[in-house]
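Below you'll find the structure, written out as structure tokens, and then a few comments.
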Amino acid sequence: MKLKRILDSKDFYAGLIFILFGIFAILEARRYTLGTAASMGPGYFPRILGGTLILFGLIILVRSLWLSDESLKSLALRPLFLVTIGVLAFAVLLEPLGMVVATLTLISISSLGSWKFRLRELVKMAVLYIGLVVLAAGLFVYGLGLSFRVWP
Amino acid sequence: MDVFNNLILGFSVALTPMNLLYCLIGVLLGTLVGVLPGIGALATIAMLLPITFKLPPVTSLIMLAGIYYGAQYGGSTTSILVNIPGEATSVVTCLDGYAMARQGRAGPALSIAALGSFFAGCVATVIIVLFGPPLAEVALKFGQAEYFSLMVLGLVGSVVLARGSLLKAFAMVFLGLLLGLVGTDVYTGTPRFNFGIYELADGIGFVTIGMGLFGFAEIIANLEQKEKREVFTSNLQRLMPTRADLKASWRAVLRGTAVGSLLGILPGGGALLGSYASYAVEKKVAADPSRFGRGAIEGVAGPESANNAGAQTSFIPLLSLGIPGNAVMALMLGAIMIQGIAPGPQVVTEQPELFWGLIASMWIGNLMLVVLNLPLIGIWVRLLTVPYRVLYPAILLFCCIGVYSTNNSRVDVVLAAGFGVLGIIFLKLGCEPAPLMLAFILGPMMEEALRRAMLLSHGNPAIFFTRPISLAFLLSAAFLLVLIIAPTLRRKREEVF
């Protein structure tokens, strides 16, 4: 029972993440010159920060073993994946294929699943997407003169 | 009078057609994103930063500031009509505002929110005029030690005023400071934490991190929830509050303005905290606290005045010290630096058009908002009926274009996506991202101040305690901490949030 409660606790994972970030920072900072207190090198401040982060992470983690806090709510993976993949696709496609393709890919991937596959819905969706692309291109490229490649 | 001449200068700057136009664009956009749940002032400002590259400094700041306080006006509309906060700062307005709408009193609730905000905006503008310049004069005498301690105070403030666990907020600060160090060490040219990625040589862009943590993460979080909206528009004919409404709420407006202004100036403060604190105050002083949550007009008037006052007074530390007090101000700082202006106390005297023009524009912007807001409410309501599944692809697209065009870098977009995932994880774990964002901006400044101060003192940390102003900042920070750890206040804090 207790183990289950711990593994459900927000603080347990939060503490763990902070400790990992802290350890990572210190390992990385060891490669930079430490210097002295009077003349700090590039490694001085990161080591202080990393150490303190580990300390806070430990306190948070240890507390979570005894004190119960709010338990973790489930994470809906679908929007997380769709939005993230959409954005990554935008980043990959923008320079080689231009804004129109990248934009259409971004909004199509990210809104997968939020439309019903019926003719009327699909027509509405197409109108909305084309409108968005025209708006984005018109506003940013032609209106504000930002340098984007528009077409493939 | 010096102030008088300066104000004339300010208005002569703010009243030029171009600045008026951008002020109008700013407040309208601000109201729009305020009304729309799922997109906040922070993400909007980050999105629009690339656009401001081509504008003069004053004009761009006028527009960006307008977005921030305009959003405070817009946020209340959604809270009152839909029971969903349009903006985080309008969360408490839902309680009594929506209750009023259900009783058919949406009109008076909306108008008292707008009128209260306008009053608060005017007072906050006067406060900036009165306190900004003297504070800058004091700050001109600050050395590196004072700046370091001031930033410590700011970060402690942001932790104390953050919602949720103090320990996690502190950890977020240290993580933010670390993220701020990514890039090239200014003294030695050593690349730090860049993992051989060329684009990280200048560090992580604040637009990138802000858009990830606040833009993308917010969209994902919104998509997780099922949409259920019920807009109360039937009884919108009567907009104006009755005499009894006004009588019941004018004291709340005054108190809200005072509470909001004070909490806005505090390091780590801003619009958010004021609205919560004001609601708590109103409930405390009310003769019959049980009315709250059932349509008490004070519960709308107080918090809505407070959030607007706080949004504006939080410009004081930014403009007169060059230190941002919250995440939105951190973006403003970025906007100032992009324009090639070194932020700091010298801005008040060296860039008077910027300082006074911005202040004058705030008053003008508030006037625009109160005049435009009520007649335009029909349009905002119609926007609310647009479902989120139609809106979010557009928001997402503008976010991506905003991140990309800051440096024309695809790596920034990929990083922002990564921070979006991190933001969702933090959200799930109850870690507030606002202190991280502030620490991220302050990180490099803090390291520089620390290194210089320690160089001056030959490595003796006593320098932070022997210089009186620096000591005062550190004592204030310690005082804040003691206050918050003390059990009675801790309960209060939990009550407020």
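The values are calculated or read from the model by the stated rules, or taken from the named source; none is laboratory data. Keep in mind that this is a model prediction, so the values were computed, not measured. All Cβ positions, even for glycine, are placed from backbone atoms using ideal geometry, and neighbour counts span all protein chains on display.
Looking only at residues of region B:450-470 that are touching a helix residue (DSSP H, G or I) at 6+ places or on another chain (Cβ under 6 Å) and either over 17 Å from B:MET151 (Cβ atoms) or outside any helix (DSSP H, G or I) (or both), we find that the one that is nearest to the other protein chains (Cβ to nearest Cβ) is B:SER457. Please state which of the following conditions B:GLY430 fails to meet, knowing it meets all the rest: (1) under 21 Å from the mean Cα position of the chain (by Cα); (2) surrounded by 20 or more Cβ atoms within 10 Å (Cβ to Cβ). With respect to (1) under 21 Å from the mean Cα position of the chain (by Cα); (2) surrounded by 20 or more Cβ atoms within 10 Å (Cβ to Cβ), B:GLY430 is out only on (2). So in region B:377-390, with the set limited to residues that are of a type in the set (A, V, I, L, M) and free of Cβ contacts under 8 Å to residues at least 40 places away in the same chain, which one is farthest from the other protein chains (Cβ to nearest Cβ)? In this case the residue turns out to be B:ILE379.
Only one entry of A:SER114, A:SER108 meets the criterion of being among the small types (Gly, Ala, Ser) and in a loop (DSSP other than H, G, I, E, B), and that entry is A:SER114.
If you go through region B:396-420 and keep only what is in contact with a helix residue (DSSP H, G or I) (Cβ under 8 Å, 6 or more places away or on another chain) and not in a helix (DSSP H, G or I), you end up with just B:SER409.
Screening B:ASN222 with (1) assigned to a helix (DSSP H, G or I); (2) over 30 Å from B:ARG105 (Cα atoms) gives one miss only, at (2).
Reported count of residues in region A:19-40, each being assigned to a helix (DSSP H, G or I), closer than 15 Å to B:GLU447 by Cβ and either of a type in the set (D, E, K, R) or more than 7 Å from every other protein chain (Cβ to nearest Cβ) (or both), is 1.
Considering the conditions (1) assigned to a helix (DSSP H, G or I); (2) within 14 Å of chain A (Cβ to nearest Cβ); (3) of a type outside the set (Phe, Trp, Tyr), B:CYS122 is excluded by exactly one of them, (2). Checked against the criterion of being surrounded by 21 or more Cβ atoms within 10 Å (Cβ to Cβ), modelled with pLDDT of 90 or more and either over 14 Å from the mean Cα position of the chain (by Cα) or not in a helix (DSSP H, G or I) (or both), the candidates B:ILE62, B:ILE80 yield just one match: B:ILE62. Just to be sure, is B:PRO393 at the interface with chain A (Cβ under 8 Å from one of its Cβ atoms), surrounded by 21 or more Cβ atoms within 10 Å (Cβ to Cβ) and either acidic (Asp, Glu) or not in a loop (DSSP other than H, G, I, E, B) (or both)? The answer is yes for B:PRO393. Contact annotation: residue pairs with Cβ atoms under 7 Å, 6 or more positions apart or on different chains, pairing a residue in region B:112-141 that is closer than 30 Å to B:LYS247 by Cβ and touching a residue at least 40 places away in the same chain (Cβ under 8 Å) with a partner that is assigned to a loop (DSSP other than H, G, I, E, B) and β-branched (Val, Ile, Thr), are B:ILE112/B:ILE297.
Across region A:64-87, the qualifying residues are those that are in a loop (DSSP other than H, G, I, E, B) and out of contact with any Ser or Thr (no Cβ under 6 Å at 6 or more places or on another chain), and the one among them that is surrounded by the most Cβ atoms within 10 Å (Cβ to Cβ) is A:LEU72.
Just the residues that are surrounded by 16 or more Cβ atoms within 10 Å (Cβ to Cβ) and of a type outside the set (Val, Ile, Thr), please, taken from region A:18-36.
Taking region A:18-36 and keeping what is surrounded by 16 or more Cβ atoms within 10 Å (Cβ to Cβ), we get A:18-19, A:21-22, A:25-26, A:28-29, A:32, A:35.
Residues satisfying the conditions are A:PHE18, A:PHE21, A:GLY22, A:ALA25, A:GLU28, A:ALA29, A:TYR32, A:GLY35.
Among the candidates A:LEU128, A:LEU61, A:LEU93, A:LEU88, the residue that is on the phi < 0 side of the Ramachandran plot and modelled with pLDDT under 85 is uniquely A:LEU128. In this structure, B:ILE25 qualifies as within 14 Å of chain A (Cβ to nearest Cβ) and part of a helix (DSSP H, G or I).
Matching residues to (1) surrounded by fewer than 24 Cβ atoms within 10 Å (Cβ to Cβ); (2) of a type in the set (A, V, I, L, M):
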{"site": "B:PRO133", "(1), (2)": "yes, no"}
{"site": "B:PHE148", "(1), (2)": "no, no"}
{"site": "B:GLY154", "(1), (2)": "no, no"}
{"site": "B:LEU161", "(1), (2)": "no, yes"}
{"site": "B:LEU167", "(1), (2)": "yes, yes"}
{"site": "B:GLY203", "(1), (2)": "yes, no"}
{"site": "B:ASN222", "(1), (2)": "yes, no"}
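Going by the conditions given, is B:ALA311 under 13 Å from the mean Cα position of the chain (by Cα), touching a residue at least 60 places away in the same chain (Cβ under 8 Å) and buried (at least 20 other Cβ atoms within 10 Å of the Cβ)? Yes, satisfied. The residue of region A:52-74 that is nearest to B:GLY418 (Cα to Cα), among those that are touching a strand residue (DSSP E or B) at 6+ places or on another chain (Cβ under 9 Å) and at the interface with another protein chain (Cβ under 7 Å from one of its Cβ atoms), is A:LEU72. Restricting attention to region A:41-51, the residues that are in a helix (DSSP H, G or I), free of Cβ contacts under 8 Å to residues at least 12 places away in the same chain and either surrounded by fewer than 20 Cβ atoms within 10 Å (Cβ to Cβ) or facing another protein chain (nearest Cβ under 7 Å) (or both) add up to 2.
The residues of region A:75-93 that are within 18 Å of A:ASP8 (Cα to Cα) and facing chain B (nearest Cβ under 9 Å), listed by number, are A:LEU75, A:ALA76.
Any idea which of A:ALA25, A:ALA102, A:ALA38 is small (Gly, Ala, Ser) and within 30 Å of B:LEU167 (Cα to Cα)?
Criteria check complete, one pass: A:ALA25.
Scoring A:VAL92 on the criteria (1) assigned to a helix (DSSP H, G or I); (2) over 23 Å from B:ILE219 (Cα atoms) leaves a single failure, condition (2).
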